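So the structure is just underneath, and the comments pick up after that.
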Amino acid sequence: LFMKMFKKIAATVIAAAMSLAMLTACGGGGGGSTTQYKMAKVLAESQKTGKVYSDITTTIDGGLFNKNWVGKSIQVNAKTAADRKAGKTCTLLEVQGDKTMVMVTNDGSTYEISTDETNKPYWSKIGSNAMLGAAASAVPSNSDISKLQIRPDYEYNGTSYYAEVITADGTEIAYCFDGDNLVYIVMNVSGVQIAEKVNEISGHFPAQVDPELPMSYDEVMNLPTRG
């Protein structure tokens, strides 16, 4: 049962974790020069490298996945690397101590990492999702950023933030700032709010994915696939 819930949580948080890479898949209002947007500064390095790396923490009400979990907070950490050139996005998820690695390619194919009989890692296909595929290799361009709407007094969790917001297909994503620091990404999807605390964001990948997977993100993205 827990693994079934884990996969449901993983699917939701992958979508949320990729929100920084989803700007190119969205439309919306706004307009004007990108120099006015703080997101342009946050993603300046990514514009050059074609890569977005984010380390975020999401707290979710377990009731979204199981009625017996109502009121129980589930904390998820997601370390996501999106590479426009490779057309791939990898997310290392940790849910209450359990870890899994998932990859989405730009055709929407979704994989989870597995090991063969010799303990060598590979990607095992688990499905396909067009929405995730559209976002998989996206790094926001200046024209994408110019679609953001500025909201100087965006309310989240009882606090007012300067925010830059994009809306498309019933989904609103608000990038909330404390000064020039991006601190929260708040998604409102069909009446459900998912908030991410931003621990780190950059235009380059860490040298190693995780102590349990001592490989670079580039090496992991190029592992063989099956299925």
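Brief remarks follow.
- A simple rule links phi to the HN-Hα coupling: the Karplus curve 6.51 cos²θ - 1.76 cosθ + 1.60 with θ = phi - 60°, which for region 217-222 gives 4, 4, 5, 5, 4, 9 Hz, with x for Gly and Pro.
- When region 76-223 is reduced to its Cα atoms, the Kirkwood hydrodynamic radius in Å: 17.0
- Unsatisfied cross-links (Cα-Cα over 23 Å) in the set LYS67/LYS197; LYS38/LYS85; LYS85/LYS125: LYS67/LYS197; LYS38/LYS85
- When +1 charges are put on Lys and Arg Cβ atoms and -1 charges on Asp and Glu Cβ atoms, the dipole computed for region 181-227 relative to its Cα centre reaches about 200 debye.
- Solvent-accessible ranking of PHE205, PHE177, largest area first, probe 1.4 Å: PHE205, PHE177
- Pairs of Cα atoms nearer than 8 Å and 6+ residues apart set the relative contact order; for region 73-227 it is 16 percent.
- Listed peptides 42-53, 210-221 by packing density, highest first (mean Cβ within 10 Å): 42-53, 210-221
The values are calculated or read from the model by the stated rules, or taken from the named source; none is laboratory data. Note that this is a predicted model, so its numbers are computed, not measured. Reconstructed Cβ throughout: ideal geometry from the backbone, glycine too, with neighbour counts over all protein chains shown. What goes into the accessible areas is simple: the full protein's heavy atoms, side chains included, and nothing from ligands, DNA or RNA. Shrake-Rupley method; radii C 1.70, N 1.55, O 1.52, S 1.80 Å.
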